[in-house]
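Coordinate-derived values only; no laboratory data. Note that the coordinates shown come from a computational prediction; the quantities given were computed from them, not determined experimentally. Positions of Cβ are generated from backbone atoms using ideal geometry, with glycine treated the same way; all protein chains shown enter the neighbour counts.
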Amino acid sequence: MSQLHEVAEPIICDAYVEPAHHWVIEKGTPPRKAPGRREACYSYRPPGKSTGATLADEIGTQIPLDRVNEIRLRVKP
């Protein structure tokens, strides 16, 4: 049976300034707080492609949002 890891404080940044920290969530390890803004991306897991772990543990393949990351660089002060 896999262990579920919860983030005790999911919101760690102010909504009106660039994030100073983000959560790193990796399969099999507890979430950890890391400095800086995370890359804009989403996770995709094809339907029916279960590896036997719980749904919460299956993060899937991360797909970067290149356009969002480019815009973030352009508008950064």
Inside the range 3-39, the number of residues satisfying the requirement of being closer than 20 Å to THR61 by Cα and not acidic (Asp, Glu) is 14
Taking the range 6-38 and keeping only residues that are aliphatic (A, V, I, L, M), touching a strand residue (DSSP E or B) at 6+ places or on another chain (Cβ under 7 Å) and touching a residue at least 24 places away in the same chain (Cβ under 8 Å), one is left with VAL7
